[in-house]
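J.: Take a look at this one; I'll ask things after.
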Amino acid sequence: ETGVTQTPRHLVMGMTNKKSLKCEQHLGHNAMYWYKQSAKKPLELMFVYNFKEQTENNSVPSRFSPECPNSSHLFLHLHTLQPEDSALYLCASRGDFGGSSIQYFGAGTRLSVL
Amino acid sequence: GESVGLHLPTLSVQEGDNSIINCAYSNSASDYFIWYKQESGKGPQFIIDIRSNMDKRQGQRVTVLLNKTVKHLSLQIAATQPGDSAVYFCAEKIETSGSRLTFGEGTQLTVNP
C-alpha cells in the first residue's frame, strides 16, 4: 500500500447530513492535500496543508471544511452537500525530502450525495 | 490558459506489445512532470517522474520522454501486461507554483490477452 489510508472507503449521505472523511499518512510527510475526482475530469485540488497550516484553498464551497490536527492526519468535514458533490475524494501527502514534488495518494472515499 | 491534457482518452493494446501514452502541456514554465497509474477502485500510484532539464528517463519497463520544444510528454510501457490496464495521467508542476501539481484527464489503457 501507499502509506496513506482513507476512511471510509464508501459513503452515502443525504443533503442534510453531516459526515467527515479521514486521512492518515504513515510516511512522515509534512504536506497533505484533498482532491476531488469526478468522472472524465482531471483531479481538482481542494485544499493544501503544510505543517498543519492551510496554505491553499482552491475556491472550495464552505460546505467542505478541512481540519488538520497534526501532520499525519487530515479530515474533510461535510455538511449540506449537493448531489453534484458526489465524487471520489482523494487524500495525498508529500514529503519535503530533497525538494520532492511526488504526492502519494490514498485509495479515496467514494461519496454519493442523495 | 494553462492545461495538461492527453491526446487520446482510450488505448487498447495486445499483451506483449509496447504502449505509448501521450500528454501535451501548454505552460513553458513547467519544470517537473509525473506519470501516475490509477487502477479501478484505487488511488493514483506514482510511476515515474522527469525534470525539465532531462529528455528521457527510464524505469522498470517504463520510459518517459520529454520534448520541450513541442511541449509533449510520453510514457512508454514495454511488453505490456494485463496488470498494466488502468488509467494513466500526467501531472505538471510549474516552477513558480510551489508544490502544486496540475493533472491531465487520463488515458484508459486496456491490455487484451
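The values are calculated or read from the model by the stated rules, or taken from the named source; none is laboratory data. All values reported here derive from a predicted model rather than from experimental measurement. Using ideal geometry, Cβ is built from the backbone for each residue, glycine included, and neighbour counts are taken over all protein chains shown. Just the protein is used for accessible areas: all its heavy atoms, side chains included, with ligands, DNA and RNA removed. Shrake-Rupley method; radii C 1.70, N 1.55, O 1.52, S 1.80 Å.
J.: What ranking do B:19-27, A:16-24 get when scored by the average of other Cβ atoms within 10 Å per residue, highest first?
T.: Ranking, from highest mean packing down: B:19-27, A:16-24.
J.: Okay, moving on. Cysteines of chain A lacking any other cysteine beta carbon under 4.7 Å?
T.: So, A:68.
J.: For chains A and B, what's the summed buried accessible area, probe 1.4 Å, to the nearest 100 square angstrom?
T.: By this definition, chains A and B bury close to 1500 Å².
J.: Take the Cα coordinates of the protein assembly as shown, assign each an equal point scatterer, and use the Debye formula without solvent to give log10 I(q)/I(0) at q = 0.14, 0.16, 0.18 Å⁻¹.
T.: Taken in order of the listed q values, log10 I(q)/I(0) reads -0.89, -1.13, -1.36.
J.: Just add up the charged neighbours of residue A:51: K/R +1, D/E -1, any other residue whose Cβ is under 13 Å from the Cβ of residue A:51.
T.: 0
J.: Would you tell me the mean number of C-beta atoms belonging to other protein chains that fall within 10 Å of each C-beta in B:93-99, as a whole number?
T.: Shielding by partners across B:93-99 averages 3.
J.: With a 1.4 Å probe and all protein chains left in place, how much accessible area per residue does the protein assembly as shown have, in Å²?
T.: Per-residue value: 48 Å².
J.: Follow-up question, since we're still on this one. When 1/r is averaged over all different Cα pairs and the result inverted, which Kirkwood radius in Å belongs to chain B?
T.: Every distinct Cα pair counted, the radius reaches 14.1 Å.
J.: In Å, what Kirkwood hydrodynamic radius results for region A:1-68 from the alpha-carbon pair distances?
T.: 13.6 Å is the Kirkwood radius here.
J.: Using a 10 Å cut-off on Cβ atoms, rank the peptides B:33-40, B:9-16 from the highest mean neighbour count down.
T.: Top of the packing list down: B:33-40, B:9-16.
J.: In whole Hz, what ³J(HN,Hα) sequence does region A:93-98 give by Karplus (6.51, -1.76, 1.60; θ = phi - 60°), x for Gly and Pro?
T.: 9, 9, x, 10, 7, x
J.: Heavy atoms only, probe 1.4 Å: what % of the accessible area of region B:64-113 goes to carbon and sulfur, would you let me know?
T.: Roughly 51 percent of what the probe reaches on region B:64-113 is carbon or sulfur.
J.: Write down the Kirkwood hydrodynamic radius of chain A, to one decimal in angstroms, obtained as one divided by the mean of 1/r over all alpha carbon pairs.
T.: Hydrodynamic radius (Kirkwood, Cα pairs) of chain A is 14.1 Å.
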